[in-house]
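Novice: Can you keep this structure in mind? I'll have questions shortly.
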Amino acid sequence: MMNTWHKLSVTEAVSQLATDIQQGLAVEEAKNRLARYGQNKLHKGKRFSALVIFISQFKSLVIWVLIGAAVVSVALGEVIDGIAIIAIVILNAVIGFLQEYRAEKAAAALARLTAPHCRVIRDGHSLVIITSEVVPGDLLLLEAGDLIAADARLIQASVLRVNEAPLTGESQAVAKFTDRLVSETPLAERNNMVFLGTSVTGGGARGVVVNTGMETELGRIAKLLESAKSGETPLQRQLERVGRLLLMACFGIVGLIFGLGLWRGIAPFELFLSSVSLAVAAIPEGLPAVVTIALALGVQRMVQRHALVRRLASVETLGRAQVICTDKTGTLTMGEMTARKLITSKSLYRITGEGYATEGAFFSGNVESLPSGNPELFALLRASAACNDAELTLIDGRPAVIGDPTEGALLVAAEKATITRSAVETEMPRLAVIPFDSDRKRMSVIRRQENHPWVFVKGAPEVILSRCTLIRTDQGIKELTENDRTRFLQANTLLANDALRVLAVAERSLDGFSFEEGVVINDTEIEQQLILLGLVGLQDPPRGEAREAVAKCKRAGIKTVMITGDHPDTARAIGHELGILNKGDEVLIGAEIDRLDDGALKERVSHVSVYARVTAEHKLRIVRAWKATGAVVAMTGDGVNDAPAIKEASIGIAMGITGTEVTKEAADMIVADDNFASIVAAVEEGRGIYDNIAKTLAYLLGSSTGELLVMLGAVLLGWPLPLLPLHLLWINLVTDGFAALALSTDPIDPGVLNRPPRHAQSQLLNRHLFYLTLFTGLLAASVTLGVFAYELHVVGNSIDQARDAAFTALVITGLLRAFGARSDQRTIWQIGLFSNLRLFLIVAVSFSLQLAIHHVSMLQTLFQIKSVSLHQCVVWIGVGFIPLAILELRKILLNRATKFA
């Protein structure tokens, strides 16, 4: 079925659908069409079982390298080593599984947006049917509160207003009519159509169903959602690369030692066992667990900052974000219409407070004005509450509006002046109403005030002003002059240029008219000779903290892009107010995107900061264009129309309060308070987590390199092996492993948002890390081999005593080096020895454990070591300080060189 029904007249649409505008479809014809078009359902997304999610934790190459190492360890008789490694692998999988246990329910959740039942006309009778049985050509009956069951072309509309926010992102309810529109009309402006999944907020209508199921606009989004691919995160790709390098290193070690051993005449079988054991020992077994735990702890910290992460690896991805594409309504703005400015005969008032909360005050300039002592201001606010059908309530403890959001904003402004809807109804009972419609552009409510009928009117300023002859001033009621009229029209223009929706409010006494209570009338004579009270400027205001959050992004080198279904003028004004739209930046609308192919859009996106009047497909194309440039893209949103782009983005972020279930299921992260500032806080956490993973990887690889060089050096020199397999396991899993865990919880660098983001292609295991790891390993190996040679050849101790010295020296070297590993630039005294208390305690406990194995007889036997004197311990600790001192001196020299460069 086509999706250009809006360009047809009612007669043309009814004719093409072969239906009857009064009788609807015949029951038999409806059955035939159900068989032809299928049920009015959205396809459910693929479901993943818990078993599949658990198995997916074993995809990483690093994990399989560890599993291989465990198998080899058991085959060589090192059962304890094998069991320990497998335990780490299982722990890693369990932690990842618990964090990621969610089904992929995005498309399935779409189906839950549809109404279970609806009203249609068939054979001239009104019927309530199951929504899945609606077919093209059905006459759909709509009234306030209905969830719309299919896409339909309106054929009759009576003051119909529809909330299309889930589909288009528009924060205001949309007034609907039946006139035909031009073919190029964007989705958000197709006001002669209603769409599946949206809801009626007021009025009534009759429409002819044009599309059902997957052919609806919601169905098109479901198809886009199926086509969107999130792919691997940068961290997952980096860990795969580390895994490949470790695997190559293992084979290289085996080949090198095997070749050297054959050259020296060692028996091949003994040589093979030694080579494989050393290769297994070279793998940092704790790496996967450390990475997973670092991410999991980061997730817990992010929860405290109102961000809930669904995919562990996405935490680090957010830290790499170079572009944040964000929806406007509800994320950068409150998502709640708010009266921000009032204009009376002589004064302009600014209203404080945000959203539907009734706390706030009125300021003229910098002076607070109390409405109770200001008759002009009080009259304007009272009339705004009197000409109103909305109600304020609480939903889940939060202020909310039942009815039209604009009328809700007027009620909130009145309540800030202690004028409540209940008080208005009590003091001025309603007698009659003349409803708003798109032709009249005004609404009137007639009430009894002190036994006299009064009418209160609000509407478009040019319409209301044309019907006013008087104006309320601080000196009473006066004639409305042409100068007054011109001044108010100019004020209207100024407010509109600030992207405020402007309403004029008026009143008059209706003495001489007679009304019956509760009657709806259309007599427009009463809307003449009105008294002008003033103008109200309304807007979905930017969140108070959003501007600073955008500024933080700018300092962090992150481009903020606003994507909205709203009007371009509104989008431009909000973009300027928040600092998103700067000199040279472009505003692009959906119709212009349609004229660009993917290549042209890719070239254009870096120059565009604001997009307006966009659809779900446009958002998806924008995200894909940014990804095509190589950028790491975050996409935020709350509506169904955001879901495909959220799923496609490098990291998708959904709003927790206003976000639909569809959007949440497509996202990697959910912002609990719908606040852009929380997203920026999550970026900060993501960068901190990456830093911790990088420093932990450098620390573990430095330890493994040191162990490897110790063993290689001994083989090359023809010495006995300085370390036993159990020594290596103890170092990898217990001493260095626990210290690495503490490093992964290091506090975030306060300046982490003052540097540009890492490029998507930047490597975790880069050249700098390689040289640093090699240098660190050489230092640790030199100290260890020096101690071993001194004990064995200078002092003349036994091989067991020499191994004892080498083992303890290497452990102490690694533990002390953990303090320096916290930063590649800042020294220990700059960071603070106790700023990571976990690390300090773990190093202290590990020191105690290392000393304990020298004095507990069972451990002495297990590790094949002897007890040591206090003098020996002091000497070994002193020797262990040497690598740390050299590494800290390197930082000082590099910082000085950078300073004077």
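Novice: Counting only heavy atoms of the protein chains, get the accessible area per residue of the chain (1.4 Å probe) and round it to a whole Å² value. Kindly include the intermediate steps, with their values, before the conclusion.
Specialist: Working: 36990 Å² over 901 residues.
Here the residues of the chain average 41 Å² of exposed surface.
Novice: Something else: One quarter of the convex hull surface, Cα atoms only: what value does that give for the chain in nm²? Working shown, then result.
Specialist: Details: hull surface 189.0 nm².
Its average projected convex-hull area is 47.2 nm².
Novice: Between Q156 and S466, how high is the FRET efficiency from 1/(1 + (r/R0)^6) when r is the Cβ-Cβ distance and R₀ = 35 Å? Nearest 0.05.
Specialist: Values: r = 29 Å, r/R0 = 0.82.
For Q156 and S466, the calculated efficiency is 0.75.
Novice: Right, another one. Between E586 and L889, what FRET efficiency comes out of the Förster formula 1/(1 + (r/R0)^6) with R0 = 60 Å and r the beta carbon distance, rounded to 0.05?
Specialist: Efficiency, rounded to the nearest 0.05: 0.70.
Novice: Which of V455, L532, T560 sits farthest toward the positive end of the charge dipole of the stretch 444-567, with +1 on the Cβ of Lys and Arg and -1 on the Cβ of Asp and Glu?
Specialist: T560
Novice: Over the chain, what is the percentage of antiparallel beta bridges among all DSSP beta bridges, to the nearest 5?
Specialist: Working: 80 of 107 bridges.
If I count the DSSP bridges inside the chain, around 75 percent turn out antiparallel.
Novice: Another question, then. Consider a paramagnetic label point 7 Å from the Cα of E479 along Cα→Cβ; state which residues of the stretch 522-555 have an amide N under 16 Å from it.
Specialist: Taking a point 7 Å out along Cα→Cβ of E479, the residues of the stretch 522-555 whose backbone N falls under 16 Å are 529-532.
Novice: Can I ask one more? When the accessible area of the chain is computed with all protein chains present and a 1.4 Å probe, what percentage of it is carbon and sulfur? Mind showing how you got there, number by number?
Specialist: Numbers: 21440 of 36990 Å².
So the carbon and sulfur contribution to the accessible surface is 58 percent.
Novice: Between S606 and W64, what's the calculated FRET efficiency when r is the beta-carbon distance and R0 is 35 Å? Round to 0.05.
Specialist: Working: r = 40 Å, r/R0 = 1.13.
Efficiency for this residue pair is about 0.35.
Novice: Using a 10 Å cut-off on Cβ atoms, rank the peptides 811-822, 423-434 from the highest mean neighbour count down.
Specialist: 811-822, 423-434
Novice: Student exercise: in the stretch 607-755, how many lysine pairs 8 or more apart or on different chains have Cα atoms under 26 Å apart? Could the numbers behind the result be given before it?
Specialist: Working: K619/K627; K619/K647; K619/K664; K627/K647; K627/K664; K647/K664.
Step by step, the pairs that qualify in the stretch 607-755 add up to 6.
Novice: Charges only on Cβ, +1 for Lys and Arg, -1 for Asp and Glu: so what's the dipole of the chain about the Cα centre, in debye to the nearest 20?
Specialist: Working: 88 positive and 91 negative charges, 504 e Å.
Dipole about the Cα centre, nearest 20: 2420 debye.
Novice: Got a sec? Which residues in the stretch 547-575 would a label at A496 touch, if it sits 7 Å along Cα→Cβ and we count backbone N under 18 Å?
Specialist: 567-574
Novice: Now a separate question. Treating the beta-carbon of each Lys and Arg as +1 and of each Asp and Glu as -1, no other charges, what is the dipole magnitude of the stretch 393-472 about its Cα centre, to the nearest 20 debye?
Specialist: Values: 12 positive and 10 negative charges, 47 e Å.
With only Lys, Arg, Asp and Glu charged at Cβ, the dipole is about 220 debye.
Novice: Provide the gained length on full extension for the span A423 to V303, in nm with one decimal, where the gain is 0.36 nm per separating residue minus the Cα-Cα distance. Intermediate values should be presented prior to the final figure.
Specialist: Numbers: separation 120, 0.36 × 120 = 43.20 nm, distance 4.20 nm.
This chain segment gains 39.0 nm when fully extended.
Novice: Would you be so kind as to identify all helices of the chain, as entire DSSP H runs, whose Cα atoms reach 27 Å or more along the helix's own axis and whose mean Kyte-Doolittle hydropathy is at least -1.0?
Specialist: Working: long enough: 79-100 (31 Å, 2.05); 234-264 (44 Å, 0.86); 676-717 (61 Å, 1.00); 767-789 (32 Å, 1.40); 799-820 (32 Å, 0.80); 870-899 (43 Å, 0.93).
What comes out of the filter, once short or polar helices are dropped, is 79-100, 234-264, 676-717, 767-789, 799-820, 870-899.
Novice: Which value in nm describes the separation of the simple spin-label points at K346 and D569, placed 7 Å from the Cα toward the beta carbon?
Specialist: 3.1
Novice: Of the DSSP beta bridges with both residues in the stretch 410-519, give the percent that are antiparallel, rounding to the nearest 5. It would help to have the intermediate numbers written out before the result.
Specialist: Details: 22 of 23 bridges.
Beta bridges within the stretch 410-519, antiparallel portion: roughly 95 percent.
Novice: Another one. With the crude spin-label approximation of a point 7 Å out along Cα→Cβ, what separation in nm comes out for F834 versus E368?
Specialist: Computed distance between label sites F834 and E368 equals 4.4 nm.
Novice: For D439 and N797 in the same chain, what is the full-extension length gain: residue separation times 0.36 nm, less their Cα-Cα distance, in nm? Please list the in-between numbers first.
Specialist: Values: separation 358, 0.36 × 358 = 128.88 nm, distance 10.30 nm.
Computed gain between D439 and N797 is 118.6 nm.
Novice: Could you work out the helix-only [θ] at 222 nm for the chain, with each DSSP H run of four or more residues adding -39,500 (n - 2.57) and the total divided by the number of residues, to the nearest 500 deg cm²/dmol?
Specialist: Details: 33 runs with 420 residues, N = 901.
Result for the chain, helices only: -14500 deg cm²/dmol.
Novice: Give me the extension gain from F775 to I657: residue separation times 0.36 nm, minus the current Cα-Cα distance, reported in nm with one decimal. Before the final figure, lay out the partial values.
Specialist: Numbers: separation 118, 0.36 × 118 = 42.48 nm, distance 5.09 nm.
This chain segment gains 37.4 nm when fully extended.
The values are calculated or read from the model by the stated rules, or taken from the named source; none is laboratory data. As the structure is a prediction and not an experimental result, all values here were calculated from the model. We place every Cβ from the backbone using ideal geometry, glycine too, and count neighbours over all the protein chains shown. Calculation scope for accessible area: heavy atoms of the full protein, side chains included, ligands and nucleic acids excluded. Shrake-Rupley method; radii C 1.70, N 1.55, O 1.52, S 1.80 Å.
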